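Peer 1: I'd like to ask some things about the structure below.
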Amino acid sequence: MTTSKPRVGEQVEETSYPLLDGTSVSIGQPKDKWTMLFVYRGRHCPRCKRFLNKLNAVLADWTKVLDVLVVSADTKEKAQADKEEFGWDFDLAYGMNEAQMRSLGLYVSEPLSEAETTDIFAEPGAFAIRPNGTLMLVDISNGPAARPDLEELLDGMIFNITNDRPVRGTA
């Protein structure tokens, strides 16, 4: 199975992710507000935790403008352990499967050892989704070291939303 680049300006595949509170959240369908989806590698990744701690610290600024959803392939137990350890306030989903990873064009990795984790996982990604369910912006990485600057990304998203900017990079 290969990874294909997601198409900005096109409908995101409708996908539902379970949340820790027993409900679920969906992307790719119409809603009232923009959504920023952040995919992280999972509990085994210290860089992910640093990034998500930074996100949590500025979450109030983000949620004024967009719904924020964070997801990984982790089990419910691992996701719950992270949420409890770090006190994250954002919606935290878990159980992302390989088909869902690939539908977003994410890079998929196998663990280097059982000390890392035991199952495949997605490398990091950030996706801005318009209220109509179409993809506006995508930022994916093939490893843990490359992440968007949260302040710059939010500033850009505020500009895009306020000015109803068109999708770029379609050619």
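The numbers here are math on the coordinates, done by the rules we state, and not lab data. Bear in mind that the values here come from a model prediction, so they are computed numbers and not experimental data. Neighbour counts run over all protein chains shown; Cβ positions are idealised from the backbone, glycine included.
Peer 1: Relative to the longest principal Cα axis of the chain, at what angle does helix 150-162 sit, 0 to 90 degrees, rounded to 10?
Peer 2: 30 degrees
Peer 1: Another question about this same structure. Count the net charge of all other residues whose Cβ sits under 12 Å from the Cβ of Asp82, scoring Lys and Arg as +1 and Asp and Glu as -1.
Peer 2: Working: positive: Arg41, Arg43, Lys49, Lys76, Lys78, Lys83; negative: Asp74, Glu77, Glu84, Glu85.
Residues near Asp82 contribute +2 overall.
Peer 1: Could you work out which residue, out of Leu66, Leu150, Leu112, moves most in a Gaussian network model of the chain, that is, has the largest mean-square fluctuation with Cα springs under 10 Å?
Peer 2: Evaluated over the chain, the most mobile residue of the options is Leu112.
Peer 1: Another question, if that's okay. Once the Cα atoms of helix 76-86 and of the chain are each reduced to a long axis, what angle between those two axes, in degrees from 0 to 90 to the nearest 10, is obtained?
Peer 2: The answer is roughly 80 degrees.
Peer 1: Apply the Karplus curve 6.51 cos²θ - 1.76 cosθ + 1.60, θ = phi - 60°, to the phi angles in the range 125-141 and return the couplings in whole Hz, x for Gly and Pro.
Peer 2: x, 9, 9, 9, 10, 5, x, 7, x, 8, 7, 9, 8, 9, 9, 10, 10
Peer 1: Modelling each spin label as a point 7 Å along the Cα-to-Cβ direction, I'd like the Asp139/Ser16 distance in nm, to one decimal.
Peer 2: Roughly 3.1 nm, to one decimal.
Peer 1: Shifting gears a bit: How much net charge surrounds Gly156 when only other residues with a Cβ under 12 Å from its Cβ are counted (Lys, Arg +1; Asp, Glu -1)? Don't jump to the answer; show the numbers that get you there.
Peer 2: On the way: positive: Arg165, Arg168; negative: Asp139, Asp149, Glu151, Glu152, Asp155.
Neighbourhood net charge equals -3.
Peer 1: Run lengths n ≥ 4 of DSSP H only: what is the helix-derived mean residue ellipticity at 222 nm for the chain, with -39500 (n - 2.57) per run over all residues, to the nearest 500? Intermediate results must be reported in sequence, preceding the final value.
Peer 2: Working: 5 runs with 47 residues, N = 171.
So the helix-based figure for the chain works out to -8000 deg cm²/dmol.
Peer 1: Then there is this: Between the helical axis of 46-57 and the dominant principal axis of the chain, each derived from Cα atoms, what acute angle in degrees is found, rounded to the nearest 10?
Peer 2: Helix 46-57 sits at roughly 50 degrees to that axis.
Peer 1: Continuing with the same structure: Any idea what the dipole of the range 11-79 comes to, in debye rounded to 20, about its Cα centre with Lys/Arg Cβ at +1 and Asp/Glu Cβ at -1? Before the final figure, lay out each step's value.
Peer 2: Numbers: 11 positive and 8 negative charges, 96 e Å.
Computed about the Cα centre, the dipole is about 460 debye.
Peer 1: Right, here's the next one. If you project the alpha carbons of the range 32-162 onto the principal axes, what extent comes out on each, in Å, largest first?
Peer 2: That works out to 46, 30, 25 Å along the principal axes.
Peer 1: Whose amide H sits under 5 Å from the amide H of Asp67, counting only residues 5 or more places off or on another chain, with H placed in the peptide plane?
Peer 2: Answer set, sorted by chain and number: Trp34, Thr35, Met36.
Peer 1: With unit charges on the beta carbons (Lys and Arg positive, Asp and Glu negative) and the dipole taken about the Cα centre of the chain, which residue among Ser16, His44, Leu150 sits farthest to the positive side?
Peer 2: Leu150
Peer 1: Size of the dipole of the chain about the Cα centre, Lys and Arg at +1 and Asp and Glu at -1 on the beta carbon, nothing else charged, in debye to 20? Mind showing how you got there, number by number?
Peer 2: Working: 19 positive and 26 negative charges, 77 e Å.
Dipole of the chain, to the nearest 20 debye: 360 debye.
Peer 1: To continue, here is another question. Fully extended, how many nm does the chain gain between Glu114 and Ala146 (0.36 nm per residue separation, minus their Cα-Cα distance)? List each step's numbers first, then the result.
Peer 2: On the way: separation 32, 0.36 × 32 = 11.52 nm, distance 2.36 nm.
Additional length available on full extension: 9.2 nm.
Peer 1: While we're on this one: Suppose R0 equals 30 Å. What FRET efficiency, 1/(1 + (r/R0)^6) with r the Cβ-Cβ distance, do Val167 and Leu59 give to the nearest 0.05? List each step's numbers first, then the result.
Peer 2: Values: r = 26 Å, r/R0 = 0.86.
It comes to 0.70.
Peer 1: Provide the gained length on full extension for the span Glu98 to Thr23, in nm with one decimal, where the gain is 0.36 nm per separating residue minus the Cα-Cα distance.
Peer 2: Values: separation 75, 0.36 × 75 = 27.00 nm, distance 2.11 nm.
Gain on stretching Glu98 to Thr23: 24.9 nm.
Peer 1: Quick one: which residues, 5 or more positions from Met96 or on another chain, have an amide H under 5 Å from its amide H? H modelled 1.01 Å from N in the peptide plane, none for Pro or chain starts.
Peer 2: The answer is Ser72, Ala73, Asp74.
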